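Heads up, the thing below is written out as structure tokens.
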Protein chains: 2
Amino acid sequence: MPRVGLTRDALISAAADVADEIGFEHLTLAVLAKRFGVRDASLYTHVRGLSDLMEGVALLAHDEWAEVLGQAVAGRSGHAALTAFADAYRAFATGHPGRYAATRYPIAPERLAASQGVARIIEACYALLRGYDLPEPDATDAVRLLRSTFHGFSDLEATGGFTADRSLDASWRRAVDALHHTLTEWSRI
Amino acid sequence: MPRVGLTRDALISAAADVADEIGFEHLTLAVLAKRFGVRDASLYTHVRGLSDLMEGVALLAHDEWAEVLGQAVAGRSGHAALTAFADAYRAFATGHPGRYAATRYPIAPERLAASQGVARIIEACYALLRGYDLPEPDATDAVRLLRSTFHGFSDLEATGGFTADRSLDASWRRAVDALHHTLTEWSRI
DNA sequence: GACCTATCCTAGGTACCTTAGGTTAAAACC
DNA sequence: GGTTTTAACCTAAGGTACCTAGGATAGGTC
């Protein structure tokens, strides 16, 4: 019986792909083991258990997501930065539904702190706001508003929450423009 | 062995309470059966299975939610209606996290159509917009924007997505005011 | 009091997570 | 090249949960 040569990273990466294919909530050790032609108990050599695997996927997703969002904001400002950030956000959520769902999985605080991903995402958010010149605590309120709208739209879209006969792209564009307007007029609200 | 007198409605109602207590995703037939002092197999007399039970909770949650949101909008318009709707939305989401999570559970189309809840919620949304006088398709875009922001904020709040040291109530107030501003200025965006 | 219905039961199958301990492939060492 | 060590992958088994099949019986009807 030759060895497959599993590693923790290979498992987590494959698990992320599985999650994108069948949904993060349907990710199971059994299906992952089957993908590698291995018994599910064998996975415990590389991973503490299902929740550990899920945390790994969550951290990986955060890192990949941070990369995408950071790229979108880099070299842009104002409306262009906001639009690029928003589109990258939604593209990640719809293009990688399993990974996106994983980003909502609770991660142990010490691991979260060790990871760069979350910090880079928050950093990208604040960088994006720099062009709108908001003082604290308005900047935090604005970041929360942006995240809420982006996450809410993406989540509702992913779970089939929108049923009206109207282009989702068009509604999205409108929402982003509305946020831009809000940010520019922030002090007058 | 005396009979407990279970009914489908009693099961679903209790399941909704269980979901609020331990989370909709942790709702299980075993814990529900234990709550009634009954074997889990006995529940199948009243419910087709776990997914049927979950659908029942989802429909119940939609109905209760529609009631709350309808009450909030009734007799109000403009900013007052928006604020009341928003606060009722968030209060339901944070006060009944299990029921709120259930509203995101996929429901069979024919059951969804038979239920009044969803229709009443959408109706409340459009009623709320009446004061802002938006033509289609802007009204649909606006409804989607409102739902996205409310859902995103509530979901992120419920799952611990906001970590900054800033009052959530204050950020929420700001978000709602921003939406009001957006709706009043809609044609100029 | 006998009968019927439907409630609740036991028994058992499947799937998944997890632990314990054994084999052996593959690397490390002499 | 042969021996030792490491750890990858295994089998076995226990726990929990969903679900089906079929039996016992409470509670109502006649």
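Some observations on this one:
- Region A:1-17, residues that are within 11 Å of DNA strand C (Cβ to nearest atom) and part of a helix (DSSP H, G or I): A:Ala15
- Scanning region A:18-37 for residues that are surrounded by fewer than 16 Cβ atoms within 10 Å (Cβ to Cβ), assigned to a loop (DSSP other than H, G, I, E, B) and either within 10 Å of DNA strand C (Cβ to nearest atom) or away from chain B (no Cβ under 14 Å) (or both) yields A:Thr28, A:Gly37.
- Filtered by the rule that a residue be surrounded by 15 or more Cβ atoms within 10 Å (Cβ to Cβ), within 7 Å of chain B (Cβ to nearest Cβ) and under 18 Å from A:Ala101 (Cβ atoms), region A:151-174 gives A:His151, A:Gly152, A:Phe153, A:Asp155, A:Leu156, A:Phe162.
- Options A:Leu82, A:Leu11, A:Leu6, A:Leu50; residue that is more than 12 Å from the chain's Cα centre (by Cα), within 16 Å of DNA strand D (Cβ to nearest atom), within 14 Å of another protein chain (Cβ to nearest Cβ) and of a type in the set (A, V, I, L, M): A:Leu50
Okay, residues lined up against (1) part of a helix (DSSP H, G or I); (2) touching a strand residue (DSSP E or B) at 6+ places or on another chain (Cβ under 6 Å); (3) among the β-branched types (Val, Ile, Thr); (4) open to solvent by less than 30 Å² (accessible area, probe 1.4 Å):
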site	(1), (2), (3), (4)
B:His79	yes, no, no, no
B:Ala88	yes, no, no, yes
B:Ala93	yes, no, no, yes
B:Arg104	no, no, no, no
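- A:Val68 meets each of the listed conditions (1) part of a helix (DSSP H, G or I); (2) under 14 Å from the mean Cα position of the chain (by Cα); (3) closer than 20 Å to B:Leu156 by Cα apart from (3).
- Unique residue being of a type in the set (A, V, I, L, M, F, W, C), farther than 30 Å from A:Ala102 by Cα and modelled with pLDDT of 95 or more when the list is B:Ala61, B:Ala139, B:Ala113, B:Ala101: B:Ala139
- Applying a threshold of 8 Å to beta carbon distances and a minimum spacing of six or more residues, or different chains, the list of pairs starting in region A:85-108 at a residue that is of a type in the set (Val, Ile, Thr) and ending at one that is open to solvent by 50 Å² or more (accessible area, probe 1.4 Å) reads A:Thr94/A:Ala158.
- Contact annotation: residue pairs with Cβ atoms under 6 Å, 6 or more positions apart or on different chains, pairing a residue in region B:124-138 that is in a helix (DSSP H, G or I) with a partner that is surrounded by fewer than 18 Cβ atoms within 10 Å (Cβ to Cβ), are B:Ala124/B:Gly70; B:Gly131/B:Ser77; B:Gly131/B:Gly78.
The values are calculated or read from the model by the stated rules, or taken from the named source; none is laboratory data. A quick note: this is a predicted structure, and the numbers were derived from the prediction, not measured. Positions of Cβ are generated from backbone atoms using ideal geometry, with glycine treated the same way; all protein chains shown enter the neighbour counts. Note: areas computed on protein heavy atoms with side chains; ligands, DNA, RNA excluded. Shrake-Rupley method; radii C 1.70, N 1.55, O 1.52, S 1.80 Å.
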